[in-house]
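Reviewing the structure listed below.
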Amino acid sequence: MNQSRIDITFIRKEQIVDAAVCVIAQQGLQNFSLSEIEKKAHMSRGQLTYYFPAKEDILLAVFDRFLFLMQLDCQVQDKNTGKPSADQLEGWERISRIIENVLARPVEGDGFHALQYTFLSQISHRADFRLRLSALYEEWRTRITADLKHEFTSVTNDLDLRSLATLIEAILHGLSMQRAADPDAFDPKTMSDLVLNILFTYMKSKFGLNKQVIKKKRSEGVRR
């Protein structure tokens with residue numbers, strides 16, 4: 001019985017968050033009101049405030065949804081390929097898979113980019129948004145740095161690897177934003193190959209490449 005109540009609470013909260021995402025995607029944050037959410041969720045004011053006592057609580061739940069979608073972003077393309085997911089890989093293989101997945105993700109119809117534009121515009125005056133987003137970026141940088149360390153065990157300067165991880169993150173963010181504004185801005189496959197080749201060339205000149213990375217790169221070239 002208790003489990004049933006928990007499930008119903010989860011479902012109702014998800015319905016409210018879904019409705020709030022639609023309001024933001026279609027009308028912007030300026031029309032983010034309880035009355036608009038009521039219409040989208042087909043719920044009364046009493047139902048909304050039962051699950052979320054204040055509008056701010058709903059907004060924070062939507063922001064958490066945005067962060068979840070950002071985390072899912074690098075794996076969404078793995079579902080139908082039959083390949084191991086990015087989280088099952090390591091090193092350069094995982095980095096290259098994430099790059100391919102992020103650049104290949106759909107850009108229409110899921111509301112993700114509407115949330116992205118909305119919340120990025122808020123971080124200059126919302127410390128809570130900024131800190132939570134910063135923590136997610138730091139988590140990604142740390143994981144990419146760890147993958148680079150896995151490949152370049154002889155590199156002792158972690159700052160070099162962290163800087164490269166930050167660059168990779170910036171490239172993905174910038175290209176994703178461009179494609180959100182214009183889905184035809186570039187061909188995902190062509191851009192993915194270009195990014196990987198540029199990174200590979202830099203790593204070769206900066207760090208040298210171990211045999212494992214070279215083997216992976218050659219096998220990628222054969223598949224491509």
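A short reminder: the numbers here are calculations on the coordinates, not readings from a lab. This is a predicted model, so every value here is computed, not measured. Cβ: placed from backbone, ideal geometry, glycine included. Neighbour counts: every protein chain shown.
Below, the figures for the structure above:
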read-out	value
Distance in nm between pseudo-label sites at residue 146 and residue 27 (7 Å out along the Cβ direction from Cα)	4.3
Length released on extending from residue 197 to residue 90, taking residue separation times 0.36 nm less the Cα-Cα span	36.7 nm
Length added when fully stretched, residue 120-residue 155, from 0.36 nm per residue minus Cα-Cα	9.2 nm
Prolate/oblate/rounded call for the range 91-212, Cα gyration tensor, a/c under 1.5 rounded	oblate
Extension gain from residue 169 to residue 34, taking 0.36 nm per residue of separation minus the Cα-Cα distance	45.1 nm
Mean-position separation - Cα centroids, the range 152-184 and the range 119-146, in angstrom	14
Sorted by Cβ density within 10 Å, fewest first, the residues 38, 138, 93, 100	138, 38, 93, 100
Label-zone membership for the range 42-71, site residue 185, 7 angstrom Cα→C-beta point, backbone N under 11 Å	none
